[in-house]
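Heads up, the thing below is written out as structure tokens.
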Amino acid sequence: MIRAYTIASGKGGTGKTTVAANLGTALAQYGRETCVVDTDMGMANLGLVLGLAETPVTLHEVLAGKASLQDAMYEGPYGLKVVPSGLSLQGFQNADPQRLKEVARELTDRCDYLFFDAPAGISTDAVIPLAVADEVLLVVNPEISSLVDALKIKILTETIGGTVGGAILNRVTPESTEMSRRKIEQTLGVPIIDMIPEDADVRRAAAARTPVVVRSPGSESSKAFRKIAASLAGFPVEKEPGPTQEGFIERLARALFRRVSYD
């Protein structure tokens, strides 16, 4: 059964897109059919992070009714399916955010795990991704301003009938440990799924337009991303990902099953 997650934050700069890209890639490494959709249509960055900056068709065209979802889907690392948003303001203006519900329904037949990289803030464009997922995962930094804004997203999600599954504490430094995990959980009213350390390898990977779990798999941030991905997929934490024969067979079986179902 597909699980759809919206990766959200109350403010920009928390590392939300980096989290979405790396969790999606890590699950693909584990052999799971995974798709990441950039629903931040006004300030799209997912394609840049995954090396897909120049894509002729994007979510903009899909939401404008000018292209099919298949035309806007590209392959990332380890077979990760990526639906980027465009970079033009004209494309953003023509896109109808309400069509995202149709996109979400169509993707349920194409993957096991689905991530929506949501816009920061509480605009109309940001509300719809909060409603179409099974769970919203908040990305927060250990800063008061980040927590306050994330709390607003939590309240908004619950107001529209959505569910916040927890928070990912990103860019944690030794100095930030004074803001205890328990205090953050009490503030947000949701559990901390895990913590991702501040890591220069993340910045280097972003500059190389490659997920850090691919470019620097031994880094501390990569280990944290894989741990969270394993938790979401129900794997033992110590399980290491990779293009295993088992993962290939599982993907092939699911593809054949879907083809038979369509026929």
Name the single residue, out of those in the range 67-121 being of a type in the set (Lys, Arg) and in contact with a Cys (Cβ under 8 Å, 6 or more places away or on another chain), that is modelled with the lowest pLDDT. Arg110
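From the list Leu147, Leu130, Leu114, exactly one residue is surrounded by 17 or more Cβ atoms within 10 Å (Cβ to Cβ), of a type in the set (A, V, I, L, M), in contact with a strand residue (DSSP E or B) (Cβ under 7 Å, 6 or more places away or on another chain) and more than 22 Å from Thr187 (Cβ to Cβ). Which is it? Break it down into steps so the answer makes sense when it comes.
Numbers: Leu147 fails: more than 22 Å from Thr187 (Cβ to Cβ); Leu130 fails: more than 22 Å from Thr187 (Cβ to Cβ).
Exactly one of Leu147, Leu130, Leu114 is surrounded by 17 or more Cβ atoms within 10 Å (Cβ to Cβ), of a type in the set (A, V, I, L, M), in contact with a strand residue (DSSP E or B) (Cβ under 7 Å, 6 or more places away or on another chain) and more than 22 Å from Thr187 (Cβ to Cβ), namely Leu114.
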Within the range 9-43, which residues are touching a residue at least 60 places away in the same chain (Cβ under 8 Å), among the small types (Gly, Ala, Ser) and within 20 Å of Gly79 (Cα to Cα)? Ala20, Ala21, Gly24, Ala26, Gly31
Residue identified as closer than 18 Å to Thr34 by Cβ, assigned to a helix (DSSP H, G or I) and at pLDDT 95 or above among Ala229, Ala255: Ala229
Considering (1) buried (at least 20 other Cβ atoms within 10 Å of the Cβ); (2) touching a Leu at 6+ places or on another chain (Cβ under 6 Å), say which one Leu138 fails and leave the rest. (2)
Single condition Ala26 does not satisfy, out of (1) in a strand (DSSP E or B); (2) of a type in the set (Gly, Ala, Ser); (3) in contact with a Pro (Cβ under 7 Å, 6 or more places away or on another chain): (1)
Can Phe235 be described as in a loop (DSSP other than H, G, I, E, B), closer than 22 Å to Arg32 by Cβ and either small (Gly, Ala, Ser) or within 19 Å of the chain's Cα centre (by Cα) (or both)? yes
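Give the residue, chosen from Val49, Val62, Val19, Val57, that is of a type in the set (Val, Ile, Thr), within 21 Å of Lys227 (Cα to Cα) and in contact with a helix residue (DSSP H, G or I) (Cβ under 6 Å, 6 or more places away or on another chain).
Numbers: Val62 fails: within 21 Å of Lys227 (Cα to Cα); Val19 fails: in contact with a helix residue (DSSP H, G or I) (Cβ under 6 Å, 6 or more places away or on another chain); Val57 fails: within 21 Å of Lys227 (Cα to Cα).
Answer to the selection: Val49.
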Report, by residue number, each residue of the range 182-215 that is over 19 Å from the mean Cα position of the chain (by Cα), closer than 24 Å to Lys152 by Cα and surrounded by fewer than 16 Cβ atoms within 10 Å (Cβ to Cβ). Arg182, Lys183, Glu185, Gln186, Gly189
Restricting to the range 42-79, give me the number of residues that are surrounded by fewer than 22 Cβ atoms within 10 Å (Cβ to Cβ), out of contact with any Asp or Glu (no Cβ under 6 Å at 6 or more places or on another chain), in a loop (DSSP other than H, G, I, E, B) and of a type in the set (A, V, I, L, M). 5
Being β-branched (Val, Ile, Thr), buried (at least 19 other Cβ atoms within 10 Å of the Cβ) and more than 22 Å from Gln29 (Cα to Cα) is the requirement here; does Val82 meet it? no
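Within the range 26-41, restricting attention to residues that are in contact with a Leu (Cβ under 8 Å, 6 or more places away or on another chain) and over 18 Å from Ile2 (Cβ atoms), which residue is surrounded by the most Cβ atoms within 10 Å (Cβ to Cβ)? Don't jump to the end; show me each part of the working.
Of the residues in the range 26-41, the ones in contact with a Leu (Cβ under 8 Å, 6 or more places away or on another chain) are 27-28, 34-41.
Next, only the ones that are over 18 Å from Ile2 (Cβ atoms) stay: 38, 40-41.
Working: Asp38: 29, Asp40: 24, Met41: 20.
Only one residue fits best here, namely Asp38.
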Is it true that Ala20 is touching a Pro at 6+ places or on another chain (Cβ under 9 Å) and crowded, with 19+ Cβ neighbours inside 10 Å? no
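Restricting attention to the range 216-227, and to residues there that are buried (at least 18 other Cβ atoms within 10 Å of the Cβ) and small (Gly, Ala, Ser), which single residue is nearest to Leu137 (Cα to Cα)?
From the range 216-227, those buried (at least 18 other Cβ atoms within 10 Å of the Cβ) are 216-217, 219, 221-222, 224-227; that's our starting set.
Right, trim to small (Gly, Ala, Ser) and you get 216, 219, 221-222, 224.
Details: Ser216: 24, Ser219: 23, Ser221: 18, Ser222: 18, Ala224: 15 Å.
Going through the qualifying residues, I end up with Ala224.
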Among the residues that make up the range 1-14, is at least one of them surrounded by 19 or more Cβ atoms within 10 Å (Cβ to Cβ), in a helix (DSSP H, G or I) and out of contact with any Phe, Trp or Tyr (no Cβ under 7 Å at 6 or more places or on another chain)? no
Within the range 146-202, residues out of contact with any Leu (no Cβ under 7 Å at 6 or more places or on another chain) and among the polar types (S, T, N, Q) come out as Ser146, Thr159, Thr163, Asn170, Thr173, Ser176, Thr177, Ser180, Gln186
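The values are calculated or read from the model by the stated rules, or taken from the named source; none is laboratory data. Treat the numbers as computed from the prediction; the structure is a model and nothing was measured. Glycine also receives a Cβ, built like all others from the backbone with ideal geometry; neighbour counts cover every protein chain displayed.
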